[in-house]
Every structure is written in structure tokens, then in C-alpha cells.
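Student: Input: one structure, supplied below.
The values are calculated or read from the model by the stated rules, or taken from the named source; none is laboratory data. A quick note: this is a predicted structure, and the numbers were derived from the prediction, not measured. Note: ideal-geometry Cβ built from the backbone for every residue, glycine included; neighbour counts use all protein chains shown. For accessibility, only protein heavy atoms count, side chains too; no ligands or nucleic acids. Shrake-Rupley method; radii C 1.70, N 1.55, O 1.52, S 1.80 Å.
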Amino acid sequence: MNTSLPLSKVMDLLLDAVCVVDARGVFVFISAAGERIFGYRPEEMIGRPVLDFVHPDDRAITLQTIDDILVGQPQPHFENRYVRKDGQIVHIMWSARWSAPDQLRVAVARDITERKHADAMQAALYAIAEAAHAAEDLVALFERIHQIIGELLPAVNFFVALYDAGEDVLTFPYCADEFGQAPAPQKLDSAAMSAEVIRTGQVLLLSPQANAGLSGQVWPDVSRNALHWLGVPLSAKENVIGALVVQSYDSEVRYTQKDIELLQFAANQVAPVIERKQMELWLQHIARHDPLTDLPNRELFHDRLQTALRLSERNPSPLCLLYLDLDRFKQVNDTLGHSIGDLLLQEVARRLRRCVRESDTVGRIGGDEFLVLLNGIDPPEQALAVAEKIRAALDQPFELAGQQARVSPSIGVAFYPGHGRDYKQLIRYADEAMYDAKKKGGNRVQVSLRPNLLDPPRANQSTP
């Protein structure tokens with residue numbers, strides 16, 4: 001019995017597609033397997049140019065490869081991308097050669113999309129691990145993650161939302177968008193789509209055609225004109241710590257189930273990295289900040305003062321150092337208790353911050369002693385005005401857990417470069433001036449009595 005099959009039947013059973021193209025670059029034959037690969041029935045492709053189906057970004061290299069084939073150079077392992085009928089991208093490996101007698105190009109197409117997908121996932125995994133090691137901070141990490149995700153799916157518009165459960169605040173530390181900016185911090189119960197992703201721990205995919213019922217309940221965080229929006233949760237251990245989001249303003253750029261899988265894969269790798277990086281940054285922060293007031297501690301303040309002095313040496317500019325001690329603080333602790341004393345120190349820190357600029361530094365160096373560095377402040381009268389502003393602010397009553405407390409500051413002042421060029425010297429002179437103020441009754445500003453080469457005006461005391 002003859003069990004052989006005709007050639008046409010054999011080609012129908014092949015997983016790879018046999019394609020024949022004429023000298024004009026038009027399909028003249030496609031085997032039945034072509035429908036599985038390209039998404040079109042053979043008769044829908046026959047008679048049409050090959051380039052009609054090639055991904056736009058791969059057309060140039062495809063034309064170059066065709067030219068090589070036409071001059072007699074077979075291509076056994078050429079790869080490019082086609083756009084399927086359903087809009088999805090398919091990766092093809094071609095084995096092709098030119099038949100001169102027939103004036104036809106004969107090729108076999110193999111779908112390698114799954115292999116490419118696995119390779120991309122593995123490459124993304126390595127890239128994320130490398131980014132976690134190399135990034136100095138979270139913003140640098142997010143910039144690299146954006147690049148990595150952009151190699152997996154359309155991600156021109158991408159942002160990261162992070163949720164701090166302790167503070168109940170949703171922030172957007174990274175945002176790259178064509179038409180919008182990062183939103184302001186908000187509560188988790190807001191109507192932002194990323195908040196919905198974090199609340200539910202579920203993927204949210206929106207388009208003009210799908211999920212229209214949600215439009216009155218939630219909306220895109222960045223620019224409400226987005227046509228397509230995809231957000232996936234960042235889950236670390238048992239908590240959702242944020243969301244990764246991509247969105248599109250182009251009706252041709254929409255997100256598929258494959259994109260959901262890719263973005264969720266990235267999120268699953270990124271979430272523990274973010275959590276670890278946050279822990280590293282927190283440990284670095286607490287090592288150099290006062291745990292009670294969150295102000296720079298002695299070590300960090302000294303570093304900032306030395307840095308400021310080096311900058312001032314290169315680009316001459318004056319600095320002013322204030323040394324503060326609270327009058328009657330021990331009395332508050334003894335009469336109202338240490339818990340009220342702690343609240344008082346925290347409120348003192350807040351008032352000090354409000355009295356200075358972002359470019360200045362306020363530090364707590366122990367007990368009820370604080371240092372304030374005023375950068376580039378000139379003339380000296382301006383620094384003394386800030387010192388007086390601080391004195392007046394701290395002289396006001398403090399309402400603390402139903403208790404009222406009153407303290408006042410003794411403030412010593414030293415100038416750079418007039419009182420010295422060394423940070424230890426400036427601190428010592430400001431400290432001495434502070435004790436002079438305290439000896440004179442406190443609640444006053446005292447400029448160092450040490451020789452001052454620049455001879456700034458003295459304000460030995462301020463009227464309480």
C-alpha cells in the first residue's frame with residue numbers, strides 16, 4: 001500500500017511556511033502554515049508586495065537582504081519582524097535563496113516569536129539586576145527600568161507610582177510623558193488609576209473601547225487625554241508598594257495580553273529591587289540624621305559645612321554659622337516630662353526650617369543645641385536678620401499635646417571668612433558667642449567677639 005502523501009499535502013502539514021516571491025517582490029505562493037504565522041490566509045497575501053507585511057522598522061534591512069539574495073547570496077538565518085493581521089508582531093527566521101532559472105525567490109519562514117520573547121525576558125532580568133547594582137538612587141534606577149521596559153513593549157510614556165502606607169501618601173518619583181507631568185502627592189483613596197491598581201492589587205487596562213464604565217470613577221494620573229493605559233502592581237512580599245504604568249496617545253499603539261505579561265514580569269523583578277533600594281536609602285538616611293527631628297546630625301552637618309567652605313574658597317562667597325541653645329529647656333523636661341520635651345524639639349526643628357532657605361542647612365548636634373548654616377548670604381546684616389527671625393519664632397509659645405511650653409534661644413554668630421576659614425574654628429567661635437548670649441540673659445543674638453577681618457556689624461543682642 002502506498003502511504004506517501006502528495007507534496008502539497010506535506011507542505012500543508014509543515015509548521016514552517018514555504019513562501020515564493022517573484023522578482024518584483026510580490027508573493028506568488030504561500031503554504032497553509034502561513035496563516036498560523038502571519039495571521040492572513042494565503043490568498044490574502046498572494047499578489048501583494050512582501051514589504052506590505054514587514055514591520056516598518058525592519059523594511060530597510062529586509063530590502064538590503066533581498067538585494068544580497070538576488071545576486072546569489074543565500075540567507076539561511078535571516079531574521080525580521082512581520083505585522084500579523086491582528087496587529088501583533090511576529091518574529092520570523094528565514095532561510096531563502098534565489099532561483100535564477102525560475103526568476104523566483106524561495107524561502108522557508110519559521111516563527112521564532114516565543115524564543116525571542118524568552119530571550120527578551122532573560123535579557124530584561126539581567127538588565128534589571130545590573131541596574132539595581134549600578135543605580136545610585138531610585139530616580140536613576142527608574143530611568144534604567146524605563147529603558148529596559150521600552151525594549152519589551154511600547155513605553156514612550158511611562159511612570160512609576162509608589163505608595164507609603166505609613167504616611168498614606170502616593171507619590172510619582174519618575175514620570176516620562178509626551179504631554180503631562182508627574183502628579184502631586186495624593187492619598188490612596190484618590191481617583192487616580194494607579195491608586196486603583198494599588199488598592200486592588202490587580203492589573204488595569206483601559207482603552208476607548210474597553211472598561212468605559214470606569215471613566216466616571218477613575219482617570220489617568222498623567223494627562224487625561226491618554227487613549228490606552230496599562231498599569232500593573234508592584235508587589236513586594238505581601239504588600240503592594242506601587243505601580244508601573246505605560247500609556248499611549250496614539251490609536252495605533254495599544255496594549256495586548258502579551259504586553260500585560262511583559263510589564264507584569266518587569267514589575268515582579270523590579271518590586272523587590274525598589275524595596276531593597278528604599279531600605280538602603282533609609283539606612284543611609286538614619287545614619288546621618290537625628291532620629292527625633294530628622295535634621296542632619298553632627299556628622300552630616302560637618303560634612304555640609306566643609307563642602308560649603310571648599311566651594312566658597314573656589315568661588316568667594318560669604319557664609320554665616322549660627323549656634324543655638326534653648327533657654328529653659330531643662331525646666332520644660334523637668335516639669336512637663338521628656339515626652340513633651342521631645343515634642344518641643346521636633347517643633348523647634350520645624351520652625352527653624354521655616355525660617356531659612358532650601359539652600360541652607362539646619363542640624364541638631366545633640367540635646368537642645370542646633371546649628372544653622374546660611375550659604376552665600378550677604379551683606380552680614382542679612383544674616384543677622386535671619387538670626388533675629390529665628391529668635392522671634394522660637395520665642396513664641398509652643399502648644400504640645402495640650403500643654404503649653406515656652407523657651408527662647410541664645411544664638412551665637414560667626415562669619416566666613418572674617419572669623420576663620422576652618423570649620424572647627426567657625427563652630428568654636430559661634431559656640432563661644434552663644435555662651436556669651438546666654439550669660440547676658442539669653443533670648444538674644446550675639447556675634448563672635450573674636451577678631452573679624454571683614455569687620456561685620458555687631459549685633460550683640462536683640463531685644464527680647
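Student: If residue 362 satisfies all but one of (1) surrounded by fewer than 17 Cβ atoms within 10 Å (Cβ to Cβ); (2) touching a Leu at 6+ places or on another chain (Cβ under 7 Å); (3) within 24 Å of residue 312 (Cα to Cα), what's the number of the condition it fails?
Tutor: Tallying (1) surrounded by fewer than 17 Cβ atoms within 10 Å (Cβ to Cβ); (2) touching a Leu at 6+ places or on another chain (Cβ under 7 Å); (3) within 24 Å of residue 312 (Cα to Cα), residue 362 fails exactly one: (1).
Student: Let me ask another. Only residues in the range 284-304 that are under 16 Å from residue 368 (Cβ atoms) count as the first member; pair them with residues that are among the polar types (S, T, N, Q), Cβ under 6 angstrom, at least 6 apart or cross-chain, and list the lot.
Tutor: The qualifying pairs are 290/297; 293/346.
Student: Applying the selection to the range 387-422, what residues are within 16 Å of residue 448 (Cβ to Cβ), open to solvent by 10 Å² or more (accessible area, probe 1.4 Å) and assigned to a helix (DSSP H, G or I)?
Tutor: Residues satisfying the conditions do not exist here.
Student: Which of the residues that make up the range 151-177 are at pLDDT below 90 and closer than 21 Å to residue 250 by Cα?
Tutor: 151, 152, 153, 154
Student: Give the number of residues within the range 274-293 that are open to solvent by less than 80 Å² (accessible area, probe 1.4 Å) and assigned to a loop (DSSP other than H, G, I, E, B).
Tutor: Adding up the residues that qualify gives 4.
Student: What's the number of the condition residue 312 fails, among (1) modelled with pLDDT of 90 or more; (2) open to solvent by less than 40 Å² (accessible area, probe 1.4 Å)?
Tutor: (1)
Student: Filter the range 173-203 for residues that are of a type in the set (A, V, I, L, M, F, W, C), within 20 Å of residue 266 (Cα to Cα) and open to solvent by 20 Å² or more (accessible area, probe 1.4 Å) and give the result.
Tutor: 175, 176, 203
Student: If you don't mind, there's one more thing I want to ask. Taking the range 312-329, which residues are out of contact with any Gly (no Cβ under 9 Å at 6 or more places or on another chain) and part of a helix (DSSP H, G or I)?
Tutor: Residues satisfying the conditions are 313, 314.
Student: With basic (Lys, Arg), assigned to a helix (DSSP H, G or I) and open to solvent by 60 Å² or more (accessible area, probe 1.4 Å) as the only criterion, which of 59, 81 stands out?
Tutor: None of the other options fit; the residue is 59.
Student: Let me ask something additional. With (1) within 21 Å of residue 319 (Cα to Cα); (2) touching a residue at least 60 places away in the same chain (Cβ under 8 Å) as the list, and residue 425 as the residue in question, which single condition is left unmet?
Tutor: Among (1) within 21 Å of residue 319 (Cα to Cα); (2) touching a residue at least 60 places away in the same chain (Cβ under 8 Å), the lone unmet condition for residue 425 is (2).
Student: Could you list, in sequence order, the residues of the range 84-105 that are surrounded by fewer than 17 Cβ atoms within 10 Å (Cβ to Cβ), touching a residue at least 60 places away in the same chain (Cβ under 8 Å) and either within 23 Å of residue 25 (Cβ to Cβ) or out of contact with any Gly (no Cβ under 8 Å at 6 or more places or on another chain) (or both)?
Tutor: Matches in the range 84-105: 87, 103, 104.
Student: Separate question: Kindly indicate whether residue 235 is crowded, with 17+ Cβ neighbours inside 10 Å and touching a Gly at 6+ places or on another chain (Cβ under 7 Å).
Tutor: For residue 235, the condition - crowded, with 17+ Cβ neighbours inside 10 Å and touching a Gly at 6+ places or on another chain (Cβ under 7 Å) - is met.
Student: When you check residue 144 against the structure, is it free of Cβ contacts under 8 Å to residues at least 12 places away in the same chain and basic (Lys, Arg), yes or no?
Tutor: Answer is no for this residue.
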